[in-house]
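Read through the structure below, which is laid out as structure tokens, and then see the notes.
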Amino acid sequence: MLTVGRGVKIWVFASLCALLLWVVCMLPSSFKHLFNVILGQPDFYTGNLGMFVASHIGLLARFFAVILALASGFMLWSTNLTSYTKLTRIVETVLFLEGTYYILLFPSGLWWVGLGFNFIGLDYLLRAALAGSALLMLSFKVQDFAKGMNVLKWIGIAAVSYIIALWFNVVFGWFDMIAVLGSGFLLTGAASWGFLVSLIAMSLAVVFAVAGAHLLSKNLGESVKWFGLSLAMIGLNYVVYLLYSFLSGNLDPAMAIDLWALPFLGLGISLFRTKIPKSIVNDNSSSELD
């Protein structure tokens with residue numbers, strides 16, 4: 001079985017902390033809209049209480065998922081780990097809560113699509129269907145792995161689904177801007193290279209993830225490098241998108257995009273540089289991820 005070195009641990013911790021910060025930043029706005037709808041105050045989303053209840057519960061589910069993910073990381077990497085059963089249950093809960101966050105995007109997607117065809121609504125619906133269902137399914141498979149059954153195929157499917165969900169969030173965001181502002185805005189300097197880098201980097205991330213999942217299903221250690229490349233492309237996209245948002249004066253709207261994935265650049269590079277064994281699951285060997 002692969003063991004995890006300091007470099008990967010640091011970047012995993014940074015990614016989880018970035019996600020936690022993202023959730024904390026999103027919660028006040030969610031509370032504000034929710035209370036406006038409940039109290040009948042003027043709000044763009046007035047009359048859509050169900051959608052905001054679902055959205056708010058989803059954010060809370062993601063908040064607790066990150067907290068538990070941090071706890072599981074400390075448990076897994078602790079030299080005093082005493083209960084794999086407890087760790088397994090925490091990992092199950094993390095996957096279930098993160099899957100719940102995505103599933104609860106469905107009401108938002110239905111509401112947006114109800115206004116007429118738009119890429120925002122389509123993004124919500126597709127992310128809920130792909131990432132939500134894959135994460136929930138994987139949460140029910142964790143016990144199989146604890147029992148010694150190979151569930152690497154399901155891990156690969158969930159990873160690819162998650163990355164495709166990020167692709168929708170990024171690329172459909174650009175498509176929505178094109179639909180609203182027209183394609184002319186892409187002729188400006190920052191928008192043109194921002195769009196091209198996002199499209200290319202996120203598409204490559206999906207391709208690399210699919211390759212990694214295929215190798216992972218065959219229990220091949222080389223899959224780690226492909227997932228590393230995928231994560232590096234995702235991180236690169238968000239670095240460029242943050243730069244585009246700064247140059248165009250749109251930093252506030254950029255928070256709605258998954259900027260928490262910025263540390264994926266370091267995590268991906270760290271994974272790609274690792275020395276890996278031939279097999280991922282091998283009782284007779286281990287490798288240090290650096």
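The values are calculated or read from the model by the stated rules, or taken from the named source; none is laboratory data. Note that the structure is predicted; figures quoted are calculated from it, not measured. For neighbour counting, all protein chains shown are included, and Cβ atoms are generated from backbone atoms with ideal geometry for every residue, glycine included.
Laid out as a table, the results:
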quantity	calculated
From the options Tyr244, Tyr238, residue that is at pLDDT below 95, in a helix (DSSP H, G or I), of a type outside the set (Lys, Arg) and in contact with a Gly (Cβ under 7 Å, 6 or more places away or on another chain)	Tyr244
Residues satisfying the stated conditions in segment 5-50, i.e. modelled with pLDDT under 90 and in contact with a Gly (Cβ under 8 Å, 6 or more places away or on another chain)	Lys9, Val37, Thr46
Test: Ala209 is at pLDDT below 95 and either closer than 22 Å to Ala165 by Cβ or of a type in the set (S, T, N, Q) (or both)	no
Residue match in segment 58-77 (condition: modelled with pLDDT under 75 and among the hydroxyl-bearing types (Ser, Thr, Tyr))	no
Candidate set: segment 134-152, residues that are outside any helix (DSSP H, G or I) and hydrophobic (A, V, I, L, M, F, W, C); chosen: the one nearest to Phe119 (Cα to Cα)	Phe140
Residue that is surrounded by the most Cβ atoms within 10 Å (Cβ to Cβ), among those in segment 25-41 that are of a type in the set (S, T, N, Q) and touching a helix residue (DSSP H, G or I) at 6+ places or on another chain (Cβ under 8 Å)	Ser30
Filter pass, Gly109 being assigned to a helix (DSSP H, G or I) and out of contact with any helix residue (DSSP H, G or I) (no Cβ under 8 Å at 6 or more places or on another chain)	no
Criterion: in contact with a Leu (Cβ under 9 Å, 6 or more places away or on another chain), assigned to a helix (DSSP H, G or I), β-branched (Val, Ile, Thr) and at pLDDT below 95 - qualifying residue of Val171, Val180	Val171
Subset of segment 202-230 (residues that are over 23 Å from Phe168 (Cα atoms), assigned to a helix (DSSP H, G or I) and not charged (D, E, K, R))	Leu215, Leu216, Ser217, Ser223, Val224
Residue check, Ile155 part of a helix (DSSP H, G or I), modelled with pLDDT under 95 and either surrounded by 19 or more Cβ atoms within 10 Å (Cβ to Cβ) or in contact with a Leu (Cβ under 6 Å, 6 or more places away or on another chain) (or both)	yes
Residue match in segment 183-201 (condition: within 23 Å of Ser133 (Cβ to Cβ), part of a helix (DSSP H, G or I) and under 16 Å from the mean Cα position of the chain (by Cα))	no
Test: Ala128 is buried (at least 21 other Cβ atoms within 10 Å of the Cβ) and farther than 30 Å from Leu34 by Cβ	no
Condition check for Tyr102: surrounded by fewer than 16 Cβ atoms within 10 Å (Cβ to Cβ) and either touching a helix residue (DSSP H, G or I) at 6+ places or on another chain (Cβ under 9 Å) or more than 14 Å from Ala158 (Cβ to Cβ) (or both)	no
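A quick yes/no check of all residues on (1) over 22 Å from Tyr101 (Cβ atoms); (2) touching a Cys at 6+ places or on another chain (Cβ under 7 Å); (3) without any contact (Cβ under 8 Å) to a residue 24 or more places away in the chain:
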| residue | (1), (2), (3) |
| --- | --- |
| Arg127 | no, no, no |
| Gly132 | no, no, no |
| Ser139 | no, no, no |
| Leu152 | yes, no, no |
| Val160 | no, no, no |
| Val170 | no, no, no |
| Met177 | yes, no, yes |
